[in-house]
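**Student:** Please read through the structure below; I'll follow up with questions.
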Amino acid sequence: MDALDSAILLQLQQDGRLSNQDLAARVGLTPAPCLRRVRRLEADGVITGYAAIVDPAAFERGLEVIIHADLVAKNLGTVAAFEERVAAMDEVVELRRMFGIPDYFIRVQVADLAAYERWLTTQLMGDPAIARVDSRITMKLIKTGHH
């Protein structure tokens, strides 16, 4: 990967809907070589996809909660089963196994506090693998990974 590839990636991260012609102009290439580079970056797995960034409130997911969760046991069976169950939950939009404490970082999106309380008590806290849950609700969103 060279400086032109990096410039292409930066432009596509800022606006994934750029036409090839506009992208080429922004990085100083003609359209054909620019398109070849984009296709190569896709084929090599550097560009893994394109997505629309949607306001969660538009589909009744306006409350986002970050959860730190610890498991009762850390054996392979417990961990694998827990991850499979939680990853399958529609409310869970991000699930990370962490080094150290907490064991898991879970990001959920639900309609409101009542929906979160129902989900937390019936779904997550009902899981036999859970030892401890700590919920974090955002006061103000200042910056996200997308522009």
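The values are calculated or read from the model by the stated rules, or taken from the named source; none is laboratory data. None of these values were measured; they are calculated from a predicted model. Cβ sites come from the backbone with ideal geometry, for glycine too, and all protein chains shown count toward neighbours.
**Student:** Kindly indicate the residue of region 7-27 that is over 16 Å from residue 49 (Cα atoms) and free of Cβ contacts under 8 Å to residues at least 12 places away in the same chain and also surrounded by the fewest Cβ atoms within 10 Å (Cβ to Cβ) among those meeting that condition.
**Tutor:** 21
**Student:** Further question on the same structure: Any chance region 55-63 includes a residue that's under 23 Å from residue 141 (Cα atoms), in the same structural domain as residue 130 (by TED's automatic domain parsing), at pLDDT below 95 and touching a helix residue (DSSP H, G or I) at 6+ places or on another chain (Cβ under 7 Å)?
**Tutor:** So far as region 55-63 goes, yes, one or more of its residues are under 23 Å from residue 141 (Cα atoms), in the same structural domain as residue 130 (by TED's automatic domain parsing), at pLDDT below 95 and touching a helix residue (DSSP H, G or I) at 6+ places or on another chain (Cβ under 7 Å).
**Student:** Residue check, residue 68 against (1) within 17 Å of residue 131 (Cβ to Cβ); (2) out of contact with any Lys or Arg (no Cβ under 9 Å at 6 or more places or on another chain); (3) touching a residue at least 40 places away in the same chain (Cβ under 8 Å), all met but one. Which one?
**Tutor:** Checking residue 68 against (1) within 17 Å of residue 131 (Cβ to Cβ); (2) out of contact with any Lys or Arg (no Cβ under 9 Å at 6 or more places or on another chain); (3) touching a residue at least 40 places away in the same chain (Cβ under 8 Å), the one that fails is (2).
**Student:** Residue 128 - would you say it is in the same structural domain as residue 67 (by TED's automatic domain parsing) and touching a His at 6+ places or on another chain (Cβ under 6 Å)?
**Tutor:** Details: in the same structural domain as residue 67 (by TED's automatic domain parsing): yes; touching a His at 6+ places or on another chain (Cβ under 6 Å): no.
When the stated conditions are applied, residue 128 does not pass them.
**Student:** Something else now. I'd like to know if region 103-117 contains one or more residues that are in a loop (DSSP other than H, G, I, E, B), under 15 Å from residue 56 (Cα atoms) and either outside the structural domain of residue 17 (by TED's automatic domain parsing) or at pLDDT below 95 (or both). Step through it out loud before you land on a result.
**Tutor:** Let us first name the residues in region 103-117 that are in a loop (DSSP other than H, G, I, E, B), namely 103, 111-112.
Remaining after also requiring under 15 Å from residue 56 (Cα atoms): 111-112.
Filter again for either outside the structural domain of residue 17 (by TED's automatic domain parsing) or at pLDDT below 95 (or both), leaving 111-112.
Yes - at least one qualifying residue is present in region 103-117.
**Student:** Between a residue in region 109-121 that is closer than 19 Å to residue 69 by Cα and any residue that is β-branched (Val, Ile, Thr) and loosely packed, with under 12 Cβ neighbours inside 10 Å, which pairs come within a Cβ distance under 9 Å, given they are 6 or more apart or on different chains?
**Tutor:** That search, which allows pairs on different chains as well, returns 113/137; 116/137.
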